[in-house]
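Structure record follows, encoded as structure tokens.
The values are calculated or read from the model by the stated rules, or taken from the named source; none is laboratory data. Here the structure is a predicted model, which is why all the values come from computation and not from measurement. Glycine gets a Cβ as well: all are built from the backbone with ideal geometry, and neighbour counts include every protein chain shown. In case anyone asks, the SASA skips ligands and DNA or RNA and just uses the protein heavy atoms, side chains included. Shrake-Rupley method; radii C 1.70, N 1.55, O 1.52, S 1.80 Å.
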Amino acid sequence: MYMLVLWDLSQMKRRTVFVVMRVAWFALQVTVFGLAMNAIVRFRGVVAQGIDYYHFYLFGVYASMLFSISVSKAYDVAEEFEEGMIEYLLSLPMKRKILSLGRSIGGGLSAFLFTLPMYAVVVLLLGVYDPVAVLLSLLSALVFAVGVTGFVISVVLSLKSSDYTDIFFGVLDALIIRLSTVFYPAVVVAKIAPYYYAALVNPVSHFVDLLRTFFFFEEFKHLSVSSPYLMASYILGFAAGVSSAAIYIVEKRVEGGGWK
């Protein structure tokens, strides 16, 4: 498992330009666009009772970036399948359970490390350096990234098609981010029932609202999809569930060949 994690981390060198571009775009989004959004929301009177929309927005952008970069692991796995790397890994003398967990942890860890510069920008702009909040939020981000990566691996190895992978995760990335509380509080989306129920079961909603309550509990506790304990349990359950699904798929359904 250690070697598998190292393998995923070693692939980070291939995506240096990608990370630099993402961080640059993130910095632009949370400064220029973020401040513009905050001014618009204040002008409309949406922000009330001491709630700072800019704080709300910063966490949303970071959560969406972490999710998108974790999902991009799908394209790496698809590329490995086309290159024959998956067949090579399946031929190694290791249990498939270890293979599945190692790739999930390694992929999640690499996505987490990719977004650390973005997280640092968020903390800097927030001006809040509570070590407990920072530690808990980083731990939550790592668990969430591992969960998303486990889900991605499960789907890619089930589809076994580059075309289907591109279409599925392109649509999924757009829908999951928008049908969440990344940019809109739960009390606002509650006015649209389908939107609200989609946000309630969306792991991104639980993750981003959990981050907000870690740093600004009094400010955001009434805007979250649930209590901090339930949101933390949801993230842990999500990571454990999709990792178990990945183990099952790798052990029972994945064989070499058959890639479209």
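General remarks:
- Lysine pairs with alpha-carbon atoms under 16 Å apart, the chain, spacing 8 or more or separate chains: 6
- Derived scalar couplings ³J(HN,Hα) [the stretch 207-224; Karplus, 6.51 cos²θ - 1.76 cosθ + 1.60; whole Hz; x for Gly, Pro]: 5, 5, 5, 5, 4, 4, 6, 4, 8, 9, 4, 5, 6, 10, 5, 8, 9, 7
- The accessible-area ordering, largest first, of the residues F18, F220 stands as F18, F220, per a 1.4 angstrom probe.
- Here is how the number arises for the chain: DSSP H runs of 4 or more residues each give -39500 (n - 2.57), the sum is divided by the residue count, and the result at 222 nm is -24500 deg cm²/dmol.
- For the stretch 1-255, the relative contact order comes to 27 percent (Cα pairs under 8 Å, sequence separation of at least 6).
- Protein accessible area in the stretch 138-260, 1.4 Å probe - carbon and sulfur %: 68
- The chain: most fluctuating residue of S140, S91, S224 per GNM, C-alpha cutoff 10 Å: S91
- Highest-MSF residue in the chain out of Y184, Y62, Y119 [GNM, Cα springs under 10 Å]: Y184
- HN-Hα J in Hz across the stretch 119-128 - Karplus 6.51, -1.76, 1.60, θ = phi - 60°, x for Gly and Pro: 4, 4, 5, 4, 4, 4, 6, 5, x, 10
- Candidates R15, R96, R212: whichever shows maximal mean-square fluctuation once the chain is modelled as a Gaussian network with Cα springs under 10 Å: R15
- Taking 0.36 nm per residue of sequence separation and removing the Cα-Cα distance, the K221/F168 pair yields an extension gain of 15.7 nm.
- For the stretch 1-255, diffusion coefficient by Stokes-Einstein and Kirkwood Rh (Cα), 25 °C, 0.890 mPa s, µm²/s: 130
- For the listed peptides 239-247, 187-195, a ranking on the average number of other beta carbons within 10 Å per residue, highest first, reads 239-247, 187-195.
- Accessible surface area normalised per residue over the chain is 48 Å², counting heavy atoms of protein chains with a 1.4 Å rolling probe.
- Residues whose placed amide H lies under 5 Å from that of D52, excluding near-sequence neighbours: none
- In sequence order, calculated HN-Hα J values of the stretch 146-152 (Karplus, 6.51, -1.76, 1.60; Hz; x Gly/Pro): 4, x, 4, 5, x, 5, 4
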